[in-house]
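I have placed the structure first, in the form of structure tokens, so that the comments after it can refer back to it.
The values are calculated or read from the model by the stated rules, or taken from the named source; none is laboratory data. This one's a predicted model, so the numbers in the text were calculated from it and none came from an experiment. Positions of Cβ are generated from backbone atoms using ideal geometry, with glycine treated the same way; all protein chains shown enter the neighbour counts. Calculation scope for accessible area: heavy atoms of the full protein, side chains included, ligands and nucleic acids excluded. Shrake-Rupley method; radii C 1.70, N 1.55, O 1.52, S 1.80 Å.
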Amino acid sequence: MDGKLVDKSEITNSEFTSRGNAGKIKRVNYDEKGNLLDSQVISNKKMDARGNPLAQTIENYDEKGVLLDRQEVESSGFNSRGVAAHSERKNFDAAGALVDSQITDNTKVDSRGNVLEQTVKSYDDKGGLIDSTAIVNSGFNSRGNAAKTERKTYDDAGKLVEHQVTDNHKF
């Protein structure tokens, strides 16, 4: 890399709670010439006593400020490290129609908050199962990066359709 700017993001936090948590986060992305690329607004609608977001809305906009899509996320069962045991995300198009949804369950988390085992189930707009993915992470370094990630994706009938193993090595 020759040290040239590739892109830039400006992040603005606002609407702070009494605990100092941002109720609203806005990220604006620019290219290397300073042209607006897109933006995202995350609104934390509800937080627990520790400041973990229980309900969030994420809105994505194009360079003209036109809404592209929106996600609504509800999370629960936070551990002492702030990792949610269960999250549900609904994805909506710009017109507000439900596109699909995902349910994520972090079934095994270590004492440092690293997610060791996770399942993600994806559903269509009518609630029909599209697929499910079982994820196993291992060999975490001190920064919480997994040395190995194994993903097994199953179709709606439970048949294995993809098996992916990622080994992360030092560069």
### Summary
Exactly one of 8, 24 is open to solvent by 50 Å² or more (accessible area, probe 1.4 Å), more than 25 Å from residue 133 (Cα to Cα), modelled with pLDDT under 95 and assigned to a strand (DSSP E or B), and that residue is 8
#### Entry: Qualifying residue in the range 145-157 (condition: under 30 Å from residue 66 (Cα atoms), open to solvent by 40 Å² or more (accessible area, probe 1.4 Å), part of a strand (DSSP E or B) and not polar (S, T, N, Q))
no
### Query
Just to be sure, is residue 44 open to solvent by less than 40 Å² (accessible area, probe 1.4 Å) and in contact with a Pro (Cβ under 9 Å, 6 or more places away or on another chain)?
yes
### Message
From the list 169, 163, exactly one residue is assigned to a strand (DSSP E or B), loosely packed, with under 12 Cβ neighbours inside 10 Å and over 16 Å from the mean Cα position of the chain (by Cα). Which is it?
### Response
163
## Note on the structure
The lone condition residue 51 fails out of (1) under 16 Å from the mean Cα position of the chain (by Cα); (2) open to solvent by less than 40 Å² (accessible area, probe 1.4 Å); (3) closer than 24 Å to residue 114 by Cβ is (1)
### Task
Under 9 Å between Cβ atoms, at least 6 apart or on separate chains: pull out the pairs that start in the range 60-72 with a residue that is closer than 17 Å to residue 31 by Cα and free of Cβ contacts under 8 Å to residues at least 12 places away in the same chain and end on any residue that is open to solvent by 50 Å² or more (accessible area, probe 1.4 Å) and assigned to a strand (DSSP E or B).
64/36
### Matching residues in the range 27-41 - criterion: being part of a loop (DSSP other than H, G, I, E, B) and either surrounded by 13 or more Cβ atoms within 10 Å (Cβ to Cβ) or not basic (Lys, Arg) (or both)
32, 34, 35
### Message
Quick check on the range 148-161. Is at least one of its residues among the aliphatic types (A, V, I, L, M) and closer than 25 Å to residue 40 by Cβ?
### Response
no
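Residue by residue, here is whether (1) under 30 Å from residue 10 (Cβ atoms); (2) in contact with a Leu (Cβ under 9 Å, 6 or more places away or on another chain) holds:
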| site | (1), (2) |
| --- | --- |
| 42 | yes, no |
| 63 | yes, yes |
| 77 | no, no |
| 81 | yes, no |
| 85 | no, no |
| 109 | no, yes |
| 129 | no, no |
### Task
Search the range 68-109 for residues being touching a Lys or Arg at 6+ places or on another chain (Cβ under 6 Å) and open to solvent by less than 50 Å² (accessible area, probe 1.4 Å), and hand back the single one that is farthest from residue 38 (Cα to Cα).
103
### Query
Restricting the range 110-138 to residues that are part of a strand (DSSP E or B) and open to solvent by 60 Å² or more (accessible area, probe 1.4 Å), which is farthest from residue 164 (Cα to Cα)?
129
